[in-house]
Amino acid sequence: MTQAEAAGLEAPAGYRIRADRDDDYPALLKVENRAAQLFRDHGYPAISDNPFASVEDFRAMAAGHTVWVAVTPDDAPVGYAVAGRLGRFLHLRELSVDPAHGRKGLGAALVRVVLRAGKAEGAEGVSLTTFRTVPFNAPFYEKLGFAEMPLGGAPEELRSTFEREMPPETDPSARVLMTCRC
């Protein structure tokens, strides 16, 4: 699924999902940094204390990936998903929703867009790495059909990505590699 095909995909009432635009990135940086603050209440203050420092840092994270943006009726970005091909999988690199717009189904809608894109691209599935017990991480993805993939049985590119996406000073057992088959 191309970014253009993402436009108008099903989103919660009062929102829509569209392809990213260059002028979205300052707002997406703010969304990411607001969402990162939620980790403080779940035992990961280092994530809250070390958000993306600049729009350039955010762009570097998203470079080479597809970015879908959840927007309000006045086209203000309030959430996003970043995904790119990783071997046989489409890898969900980042997903964030501004907490002021949270718990309305935007995150789930963005994940569904990524799943549709993976299927359209012929990927075996969608992969991601996340925290095992943070409620808006692994438990959220499990409700959307994702399951843990043991690292020992994962393709090398997924194992490498798991290690690369490990936040500094995080116990690896706190993180999980998950996939959802297309």
Cα-based reach from Lys119 at 16 Å (exclusive), listing aspartates and glutamates while leaving out same-chain residues under 8 positions away: Glu5
Taking the chain as a Gaussian network, where each spring joins two C-alpha atoms under 10 Å apart, which residue of Ser48, Ser160, Ser96 fluctuates the most? Ser160
If you compute log10 I(q)/I(0) by the Debye sum over Cα atoms at q = 0.14, 0.19, 0.20 Å⁻¹ for the structure shown, which of (i) -0.89, -1.18, -1.25; (ii) -0.71, -1.30, -1.42; (iii) -0.73, -1.45, -1.61 do you land on? (iii)
The chain, Gaussian network, Cα under 10 Å: of Val31, Val111, Val55, the residue fluctuating most is Val55
Other-chain or far-sequence residues with amide H under 5 Å of Arg85's (modelled H): His91
Residue with peak Gaussian network fluctuation, the chain [Cα springs, cutoff 10 Å], from Gly79, Gly122, Gly153: Gly153
Over the chain, the sum of -39500 (n - 2.57) across DSSP H runs of at least four, divided by residue number and rounded to 500 deg cm²/dmol, gives at 222 nm -9000 deg cm²/dmol
Show me, for the stretch 108-122, the HN-Hα J-couplings you get by feeding each phi into the Karplus relation (A = 6.51, B = -1.76, C = 1.60, θ = phi - 60°), rounded to Hz, glycine and proline as x. 5, 5, 5, 4, 4, 4, 5, 4, 5, 5, x, 5, 4, 7, x
Local charge sum around Ala123 (other residues, Cβ-Cβ under 12 Å, Lys/Arg +1, Asp/Glu -1)? +3
From phi via Karplus (6.51, -1.76, 1.60), per-residue ³J(HN,Hα) for the stretch 35-49 in Hz, x at Gly/Pro: 5, 4, 4, 5, 5, 4, 6, 10, x, 10, x, 4, 5, 5, 7
Determine which lysines satisfy two conditions relative to Lys143: a Cα distance under 17 Å, and not lying fewer than 8 residues away in the same chain. Lys104
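Bear in mind that the values in this text are calculations on the coordinates, not laboratory data. As the structure is a prediction and not an experimental result, all values here were calculated from the model. Reconstructed Cβ throughout: ideal geometry from the backbone, glycine too, with neighbour counts over all protein chains shown.
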